[in-house]
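K.L.:
Before I ask anything, let me first share the structure, which is written out below as structure tokens.
The values are calculated or read from the model by the stated rules, or taken from the named source; none is laboratory data. These numbers were taken from a predicted model, which means no experiment stands behind them. All Cβ positions, glycine included, derive from the backbone under ideal geometry; neighbour counts span all protein chains shown. The accessibility values were calculated without ligands, DNA or RNA, using every heavy atom of the protein model including side chains. Shrake-Rupley method; radii C 1.70, N 1.55, O 1.52, S 1.80 Å.
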Amino acid sequence: MDPITAVSFAASILTFIDFSYQVVCGIYDVIKSGSTTENAHVSVVTTDLDEITKELSQRPPGYSKHEEALNTLATECQGVSGELRKLLDRVKTKAENSKWKSIKVALHSMWKKGEITELDNRLGKYRSEVLLRLVSVQVELNNFQSVSQKQASDAVKQLTNLRDDLLKNMESKIQDSNQSLSLELSEQLRLIKDIRNSVDTLLEPLAVPSPEMRVLKQLYFNTIYSREDMMEKAGSGTFEWILKADSSDNGQNTKSDEDEIEDDDLAKLVEDTQKLQSESRTAFLTWLREENRIFHISGKAGSGKSTLMKLLVDHPQTRVEVKKWAEGKQLIFAHFFFWRSGVDKLQRSLPGLYRSILFEVLKQCPDLIREVFPEAYAAFSKTGLGGSIDELFFRPTDLENGMKLLISKSPIPGYRYCFFIDGLDEYGEDGVDGLDHEDLAKDLNEWASKDDIKILVSSRPHREFQEAFSEDRRIRLHRLTKPDILRFGRNMFREHKCFLAVQHFYKKLAAKVVKLSDGVFLWARLAVRSLVMAASRMVPGRKDADDYLDKQLENLPRDNINALYENILASIIPGDRQKAF
């Protein structure tokens, strides 16, 4: 459990102990002086005890020794509750069937048997232990403070003061308790109430989100990561060449028998492509390590642009390289994947781009929130959640102004920004025209003109993007994918259960896929899947298996991905279609 939850749970245990002591106090009063008005309502006491005990059942998971100890204490307190319940039931029964004198006699009997004394001692033991555990949670509170510093500086100061006051209060009271173990029961009850009030003081302000958190919640939207989450990772070894310093150093030039290419034309094609890869890698790594401005990944539809962007976003080596450009400043990454097919308009709009970039940046740099959204921050600092309509501060014009304010801060002391934006051609609705794309490219160029900002973008080779971005900082991905497609095709055959049926000619099939794909990775992927499914349906030992699969490949649509999808779907037995897709 987190430290705040641990403190809250400890407060529930203290509440139980407090109430149980009051029950025991009532029993003492009866034994010493007779009935009181409280003792006359045993049913009410029993009901209250049941309600308080329920709080102990809702225990969060614990992993540290202190959290486990709190859970153990809760279990033991539940045991005390059961025994108190039985005791009260016995009193209630006597009260219903006997005069008050008989009730007092019964209580004296319980006292002599040690039942009440044992409960008294156990409650005292639990009280001391839970107080010690609260002090021990200090370590977790320190860790919580460390994380919170990145999110809200003002909230951290408040948390620190509350924490220090609480711990100072608890430590002094525990020392007093240890020095005077013979404290009267009333003094022990007062001690518990004081501690519980201190816990409540700590928890109360934390229930209200900080101004920084309220801003971040307004920037976040449910589909912010949907596109990248739905994408499959790049296949083993696919596209990783782009982050390798030198292919001669990473084993790519060391070929096994399985890597040999029997087709001379294809071998020459792959060799030429690897040279292009090397040139593109050098340009890209130089930009990552040293340069500003925009780097453009251009590629035909289905060539793997988004897959490559996802790999670069997730790959730790990307950050290693960009840190060299950061030159000691804190490096802030932010990314966005445009997606026209997404269910949410924010996935293909400028407000979606602004909210994603601002959310990613400001959650890493919360100290900038008051500068980027000054009106919202000022309002949220003065009012609670019910004091304003938070959404009114984040209309499209507010988001655009927030983005401009963020960009205008460059050069920014202590920070450098690196943005990855995928699928520029997927910006806008179906009716979007080239002028909208030109405006988008213009805005991105303006952002990247700042000293502390660089942007990696990807798109299809549309004219407006080709003209807007420098040719010196561009790679054409569909010209670089042939070795990856070959590797992917061979691996997919090798790893499938149909491999025994194709082991003598699968290399030839993979080579033909490379030639027919024209660098379009999606087409190659679908084509290999189609061949694998066809091989799985063949009768074992079929003599013309290679010719059969070759014809299957020749008949696949080449210029229309949707037609290829339909071809694959039509080839599957209706009952198996749901399993296949």
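K.L.:
Tell me, what % of the accessible area of segment 343-412 is carbon and sulfur with a 1.4 angstrom probe?
P.N.:
57
K.L.:
Could you report the accessible area of VAL343 in Å², rounded to 10, computed with a 1.4 Å probe on the protein chains as they sit in the structure?
P.N.:
140
K.L.:
Per residue, how much accessible surface does segment 362-469 expose to a 1.4 Å probe? Answer in Å², no decimals.
P.N.:
That works out to 46 Å² per residue.
K.L.:
Quick one: dipole size for segment 467-512, taken about the Cα centre, charges +1 on Lys/Arg Cβ and -1 on Asp/Glu Cβ, in debye to the nearest 20.
P.N.:
320
K.L.:
According to a simple spin-label model (label point 7 Å from Cα along Cα-to-Cβ), what is the distance in nm between TYR225 and GLN503?
P.N.:
Here the modelled spin labels are 4.2 nm apart.
K.L.:
Something else now. Contour minus end-to-end for ARG289 and LEU405, with contour as 0.36 nm per residue of separation and end-to-end as the Cα-Cα distance?
P.N.:
So the extension gain works out to 39.1 nm.
K.L.:
Express in nm, to one decimal, how much length is gained between GLU240 and SER349 on full extension, taking 0.36 nm for each residue of separation and deducting their alpha carbon distance.
P.N.:
Roughly 36.2 nm would be gained on extension.
K.L.:
If amide hydrogens are placed 1.01 Å from N in the peptide plane, which non-local residues have theirs closer than 5 Å to the one on PHE337?
P.N.:
ASP422
K.L.:
Percent of accessible area on segment 446-570 owned by carbon and sulfur, 1.4 Å probe?
P.N.:
Ligands and nucleic acids excluded, carbon and sulfur reach 46 percent.
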